[in-house]
Amino acid sequence: MAFFIYRALDRKDVIVEGNIGGKTDEEAADLLRKRGLRPISVKQVEKKSHTGGRLPALEKITFCRYMSAMLHSGLPLSRGVDVLLDETTDPVMKKILSDLSYNLERGHQLSFVFSQYPDVFDQFFLTMIEVGEVSGTLADVFSYLEKGLRAEYSLKQKIKGALLYPAVVFSALGAIGILMFFF
């Protein structure tokens with residue numbers, strides 16, 4: 001799915017700007033017409049990552065946990081993002097949160113901003129955020145994502161730990177074999 005920035009006229013002939021998802025610009029224009037808007041322009045937003053790096057898994061887990069807690073407590077989304085922006089130390093997350101804060105003030109959706117970082121947020125993450133926005137259960141979605149990311153991280157750590165012992169044994173066997181060959 002691609003994202004498009006649009007300008008359209010509403011029923012009162014007032015210009016409305018925003019973003020919308022779709023496969024093509026024609027599909028996005030049709031969705032606007034179904035909402036009662038008359039499209040003026042529909043431009044595709046390129047999916048480029050502005051981060052210049054990868055986000056550590058623990059940072060993403062922490063982000064989801066804090067967003068879930070803040071939204072469950074009734075804190076507005078923009079205020080929660082600003083609080084996290086002040087507290088985070090990771091430069092990649094700081095860049096994402098500042099972009100998120102700026103775009104939320106401009107009226108963009110959360111899923112639209114996350115889609116600008118395809119190397120950080122995968123399609124499942126984006127789809128879940130979009131579902132949470134549409135259904136109004138964003139706090140529950142962040143909680144679900146945090147649990148899923150935590151389970152995935154835990155499994156990766158267990159696999160790394162399980163493969164460490166065989167790697168040490170094979171390295172030792174290789175070293176012993178080299179020693180036996182020369183001596």
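The values are calculated or read from the model by the stated rules, or taken from the named source; none is laboratory data. If you're wondering where the values come from, they're calculated on a predicted model, not measured in any experiment. Backbone-built Cβ (ideal geometry, glycine too); neighbour counts: all protein chains shown. Just so you know, the surface numbers come from the protein's heavy atoms only, side chains and all, with ligands and any DNA or RNA stripped out. Shrake-Rupley method; radii C 1.70, N 1.55, O 1.52, S 1.80 Å.
Quick notes
- On inspection, Lys147 qualifies as modelled with pLDDT of 95 or more and outside any loop (DSSP other than H, G, I, E, B).
- Tabulated pairs, the range 127-153, first without any contact (Cβ under 8 Å) to a residue 40 or more places away in the chain, second open to solvent by less than 60 Å² (accessible area, probe 1.4 Å) and aromatic (Phe, Trp, Tyr), C-beta under 9 angstrom, 6+ apart or interchain: Met128/Phe142; Ile129/Phe114; Ile129/Phe121; Ile129/Phe142; Gly132/Phe142
- Residue ID - most open to solvent (accessible area, probe 1.4 Å), chosen from residues in the range 103-122 that are part of a helix (DSSP H, G or I) and touching a Ser or Thr at 6+ places or on another chain (Cβ under 9 Å): Glu105
- Every condition in (1) closer than 18 Å to Phe4 by Cα; (2) out of contact with any Leu (no Cβ under 6 Å at 6 or more places or on another chain) holds for Arg150 except the one numbered (1).
- Among the residues listed as Leu75, Leu110, Leu71, the single one being within 15 Å of Phe142 (Cβ to Cβ) and in contact (Cβ under 8 Å) with a residue 40 or more places away in the chain: Leu71
- Taken over the range 28-41, residues that are open to solvent by less than 70 Å² (accessible area, probe 1.4 Å) and either within 18 Å of His108 (Cβ to Cβ) or not small (Gly, Ala, Ser) (or both) amount to 6.
- All of (1) free of Cβ contacts under 8 Å to residues at least 24 places away in the same chain; (2) open to solvent by 40 Å² or more (accessible area, probe 1.4 Å) hold for Leu84 with one exception: (2).
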